[in-house]
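Engineer: This is the structure I have questions about; it appears just below.
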Amino acid sequence: MAGAFDDSGADLELVGITKRFPGFTAIENLNLTIPAGSFFALLGPSGCGKTTTLRLVAGLETPTAGRILIGGKDVTDSPPHQRPVNTVFQSYALFPHMTVLRNVAFGLSRRGIQDALGRAHEALRLVELDHLAGRRPSQLSGGQQQRVALARAIVNRPALLLLDEPLGALDLKLRRQMQLELKTIQDEVGLTFLHVTHDQEEAMTMADTVAVMNKGRIEQMGAPEELYELPKTSFVANFLGQSNLFTGQVVSSSALSIVVSAAGTTLEVPRERAERHAGTVTIGVRPEKLTLLVEKPAPAAGTNVLGPGIVSDVSFSGVSTQYLVEVPGAGTITVFAQNMVFGPVVNRGSEVWVSWAVGHGFGLGDDQEAELRFTPDDDTQSIATQRRAALEAELEA
Amino acid sequence: MAFGSFGGDVVAVEQPRRSSRAALWLLLPGVVYLAATYLAPLVSLVITSLKTPDLVNFDIGRYLYAFDVQNYVHVFTQYGAIIARSFGYSAMATVFALLISYPLAYFIGVTLRKYPLWQALALILVIAPFFMSFLLRTLAWKAIFADEGPVIHFLQSLSILGPNAHLNGTPTMVIFGLTYNYIPFMALPIYTSLERLDLRLLEAGSDLYANPISTFFRVTVPLSLPGVVSGTLLVFIPATGDYINASPQFLGSTQTAMVGNVISDTYFNLLDYPSSAALSIILMVLILIPVSVYLALTKTEDLL
């Protein structure tokens, strides 16, 4: 059995996985390959099936259909204790009746490995908690428990380490530090990490590859920059960061770009950055790629211009300022501008034009949904915007 | 290095100690109750156990204040075998009650957790026997296991028992009665422990290479130990002093007498108050010894 555990991590392969619970389908025909040694993040809103995927890999759930292969070996029918996999549980699930040391040594002892306690001490030193080895988990702080849970998993040198929102219970600062530490540990020990989270920032800072999951299937998969720069579905465009999306008919297309009639004007998108090249398409651009102009710019090749519009909201957030611009026919457009000067560049009510380089646009493979499947409302900016809208509504009433 | 930046490691788990007069006043009824119902009878018991017969104006049941330690020597030599038997029966009943109650409690507290209605019904079934006097229930068992009863007839027809076999009056029946009567006292505390068991810990166990048996003995059992300890004490202590099940009027015979029966006889029939008092005190001390060893072994004094 010990042979199943190696120091280099192992490929994880999910082939046609479907998981149905009474009354709903959690995962539909999921195919996924995670190469050995990578840091893979499954990102999605709650209820998208990401935790179920993790539990299937750990063996805590049985798939309705499909196979799970770890390092080329089919483990679909193996019970959890026979899989070369360890999990850092969202709740940590530390054994309350054991000391920290015994918790960490648990897996090694069950496999009958020599010097389990010595290696447990070593793992605790890695997370800098060796001086608390004699304590009970209940005597530790949340962050310390999290590190014990991590030590308890990595001490076994599993081929695959599963992380189920392990940073969810930590405060922001601790979370940032833990993210970096996890990444460091992964570089040091070289295991394959499968990380499940609903926090896009966490996924983007930590993972080599991010798979965005929605409604039981993977919408898009790739390196974080790739996903951010070139989202292929409206869900990804809005879940991973924010996007301004416009839908319209393709009116002309060339070898280099397509031109879409939308938002009362024509917008150009590079051909290789668009998923679809004919018919009705949805195109988009990230808010930080937009430039606010107080005068109507002269038409120029390689630039898209929208406007005029009215600035309906300005919110200052330190590094940048978020502007909401109401453009007739195009709806509300979000613009992030770096704070290069003191105070807002334009004020509420100003008339502005919005422009961006053609190369920054992207074309989606699906249609923009009237109603977002999931409103990304967990970043501070949109919370601030919502709070402000609520306060204003209250004052007006 | 890796986690140096976390620093601090300040853990404030010291419980704040609050002392207030109000708490002491609230304790008063309990203290008065204990003094009146526990301490006073205990003192009276000790005094009685040291009394000596009035040899001048001799009368049955008439004793004088004295310091007659001979009473203890006398009852210990005369009834030592019965005391040992009591502990034997009680220990066996405790073990059987544990073996039956643990799976029962696990089923109700863990397996039925997803079905609250069934869980509630199962709990009611465990408690239901309390709605009927245990004397009547024990007598019912006596009738069921009587020489002309259905069980004996059935076992005789299978030639498992001989033609003149008895069940009532045998040690088996006494242990059966003790086990039966005390099962709820074992099952309920264990249920309370298991009902709180975090099933995610079992998942963690299986994730860390422990097979189901290993997970059970290393995670489930230790976490339900408080319930097992309470249940064991709640069964063992009263069962050792029990005098109903072993009495010839119920499931026992003169050959199965337990120390409770002897205390009852010496008190009510022989009117030998010093002996019955001395026996009671011996019983109390003898129970305290295994109980404290048991508590030390399970290290759960703080639960009591």
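Engineer: Based on the Cα atoms of chain B, what semi-axes does the equivalent ellipsoid have, where each is the square root of 5 times one gyration tensor eigenvalue, given in whole Å with the largest first?
Structural biologist: Working: eigenvalues 355, 212, 60 Å².
Sorted largest first and rounded, they come to 42, 33, 17 Å.
Engineer: Right, something else. Using a 1.4 angstrom probe, figure out how much accessible area the stretch A:26-72 has per residue, in square angstrom, rounded to the nearest whole.
Structural biologist: Heavy-atom SASA per residue in the stretch A:26-72 reads 32 Å².
Engineer: At a 1.4 Å probe, which residues in the stretch B:193-214 are at least 30 Å² less accessible with all protein chains present than in their chain isolated?
Structural biologist: Flagged in the stretch B:193-214: B:R200, B:L201, B:E203, B:A204, B:S206, B:D207, B:L208, B:Y209.
Engineer: Given the stretch A:2-225, what whole percent of its Cα pairs are spread farther than 21 Å?
Structural biologist: 53 percent
Engineer: Separate question: Quick check: the distance between the Cα centres of the stretch B:78-136 and the stretch A:274-315, to the nearest angstrom?
Structural biologist: With the stretch B:78-136 and the stretch A:274-315 each reduced to a Cα centre, they are spaced 75 Å.
Engineer: Could you put A:F21, A:F106 in order of accessible surface area, largest first, with the 1.4 Å probe and the full protein assembly present?
Structural biologist: Correct descending sequence by accessible area is A:F21, A:F106.
Engineer: Here's another thing I want to ask about it. In the protein assembly as shown, how many lysine pairs have Cα atoms under 27 Å apart, counting only pairs 8 or more places apart or on different chains?
Structural biologist: Value for the protein assembly as shown: 16.
Engineer: Next question, about the same structure. Please work out how much accessible surface A:V305 shows to a 1.4 Å probe, ignoring ligands, DNA and RNA, in Å² rounded to 10.
Structural biologist: For A:V305, the solvent-accessible surface is approximately 50 Å².
Engineer: Report the full-extension gain for the segment B:I124 to B:L161: residue separation times 0.36 nm, less the Cα-Cα distance, to one decimal in nm.
Structural biologist: 9.7 nm
Engineer: I would also like to ask the following. In terms of solvent-accessible area of protein heavy atoms at a 1.4 angstrom probe, what is the ranking of A:W356, B:W141, B:W25, highest value first? Spell out each step's value before the answer.
Structural biologist: Details: A:W356 10, B:W141 65, B:W25 180 Å².
In descending accessible area the options line up as B:W25, B:W141, A:W356.
Engineer: So, R0 is 51 Å and r is the distance between the beta-carbons of B:V285 and A:R217; what FRET efficiency does that work out to, to 0.05?
Structural biologist: 0.10
Engineer: Separate question: Work out how far the C-alpha atoms of the protein assembly as shown reach from end to end along every principal axis, then list the three figures in whole Å, largest first.
Structural biologist: Result, largest extent first: 133, 67, 54 Å.
Engineer: Need one value: the accessible area of B:L158 in square angstrom, 1.4 angstrom probe, rounded to the nearest 10.
Structural biologist: Here the accessible area works out near 100 Å².
Engineer: On to the next question. Just by accessible area at a 1.4 angstrom probe, what is the order of B:Y38, A:Y323 from largest to smallest? Don't skip to the end; give the middle numbers.
Structural biologist: Working: B:Y38 120, A:Y323 5 Å².
From most accessible down to least: B:Y38, A:Y323.
Engineer: Here's a follow-up. Ignoring ligands and nucleic acids, what accessible area does B:D242 show with a 1.4 Å probe (Å², nearest 10)?
Structural biologist: Its heavy atoms expose roughly 10 Å² to the probe.
Engineer: Using 0.36 nm per residue, how much length does the chain from A:R20 to A:D74 gain when fully extended, once their Cα-Cα distance is taken away?
Structural biologist: 17.4 nm
Engineer: Right, here's the next one. Just the C-alpha atoms of chain A: what Rg/Rh do they give, with Rh taken as the Kirkwood radius? Mind dumping the intermediate values first?
Structural biologist: On the way: Rg = 24.6 Å, Rh = 23.5 Å.
With Rh from the inverse mean 1/r over Cα pairs, Rg/Rh is 1.05.
Engineer: Can you list the residues of the stretch A:280-313 with backbone N under 14 Å from a point 7 Å past the Cα of A:M340, pointing along Cα to Cβ?
Structural biologist: Taking a point 7 Å out along Cα→Cβ of A:M340, the residues of the stretch A:280-313 whose backbone N falls under 14 Å are A:289-294.
Engineer: Still on this model: Chains A and B: how much accessible area gets covered up at their contact, both sides added, probe 1.4 Å, in Å² to the nearest hundred?
Structural biologist: 3000 Å²
Engineer: Extending each Cα 7 Å along its Cβ direction at B:A143 and B:T77, get the distance between those two points in nm, one decimal.
Structural biologist: About 4.7 nm separates the two model spin labels.
Engineer: Along Cα→Cβ, 7 Å out, is where each label goes; now give me the distance between the ones at A:H97 and B:V95 in nm to one decimal.
Structural biologist: Between A:H97 and B:V95, the label points sit 2.1 nm apart.
Engineer: Please give the FRET efficiency for A:S355 paired with A:R176, using the beta carbon to beta carbon distance and R0 = 41 Å, rounded to the nearest 0.05.
Structural biologist: Values: r = 34 Å, r/R0 = 0.84.
Efficiency computed from Cβ-Cβ geometry: 0.75.
Engineer: Could you tell me the relative contact order of chain A? Use alpha-carbon pairs under 8 Å, at least six residues apart, and round to a whole percent. Walk me through the numbers on the way to the answer.
Structural biologist: Working: 832 pairs, mean separation 60.1, N = 397.
Over chain A, the number comes to 15 percent.
Engineer: Can you pull the one-decimal nm distance between simple spin-label points at A:T280 and A:N347, each 7 Å off the Cα toward Cβ?
Structural biologist: Placing both labels 7 Å beyond Cα along the Cβ direction yields 4.2 nm.
Engineer: Using only alpha carbon pairs under 8 Å that are at least six residues apart, calculate the relative contact order of the stretch B:210-301 and give it in whole percent.
Structural biologist: Details: 56 pairs, mean separation 20.1, N = 92.
Across the stretch B:210-301, relative contact order equals 22 percent.
Engineer: In addition: Work out, step by step, the length gained on full extension between B:F131 and B:A296: first 0.36 nm times the residue separation, then minus their alpha carbon distance; give nm to one decimal. It would help to have the intermediate numbers written out before the result.
Structural biologist: On the way: separation 165, 0.36 × 165 = 59.40 nm, distance 3.57 nm.
Between B:F131 and B:A296, full extension yields an extra 55.8 nm.
Engineer: A further question on this structure: Tell me the carbon and sulfur percent of the accessible area for chain A, rounded to whole percent, probe radius 1.4 Å.
Structural biologist: Taking all protein chains in place, chain A shows 53 percent carbon and sulfur surface.
Engineer: Right, something else. How much area per residue is accessible in the stretch A:243-331 when the probe is 1.4 Å and only protein heavy atoms are counted (Å²)?
Structural biologist: Working: 4080 Å² over 89 residues.
For the stretch A:243-331, the per-residue accessible area is 46 Å².
Engineer: Further, regarding this structure: List the pair-distance distribution P(r) of the stretch B:137-236, using every Cα-Cα distance, as the percent of pairs falling in each 5 Å bin from 0 up to the bin containing the longest distance, rounded to whole percents.
Structural biologist: 2, 12, 15, 12, 11, 9, 9, 10, 10, 7, 2, 0
Engineer: Follow-up question, since we're still on this one. For the stretch B:72-303, what % of the accessible area comes from carbon and sulfur atoms, probe 1.4 Å? Before the final figure, lay out the partial values.
Structural biologist: Values: 8400 of 11480 Å².
Reported share for carbon and sulfur atoms: 73 percent.
Engineer: Which number comes out as Rg/Rh for the stretch A:73-181 once both Rg and the Kirkwood Rh are worked out on C-alpha atoms?
Structural biologist: 0.97
Engineer: For n ≥ 4 DSSP H runs only, could you compute -39500 (n - 2.57) per run for chain A, divide by its residues and tell me the 222 nm figure to the nearest 500?
Structural biologist: -7500 deg cm²/dmol
Engineer: Would you calculate, for chain B, the mean residue ellipticity at 222 nm contributed by helices, counting each DSSP H stretch of 4 or more residues as -39,500 (n - 2.57) and dividing by all residues, to the nearest 500? Mind dumping the intermediate values first?
Structural biologist: Working: 12 runs with 189 residues, N = 304.
Helix-only estimate at 222 nm: -20500 deg cm²/dmol.
The values are calculated or read from the model by the stated rules, or taken from the named source; none is laboratory data. Quick caveat: nothing in here was measured; it's all calculated off a predicted structure. Don't worry about glycine lacking a Cβ; one is built from the backbone with ideal geometry, like all the others, and counts go over all protein chains shown. Quick note on the areas: whole protein, heavy atoms, side chains included, nothing else; ligands and nucleic acids left out. Shrake-Rupley method; radii C 1.70, N 1.55, O 1.52, S 1.80 Å.
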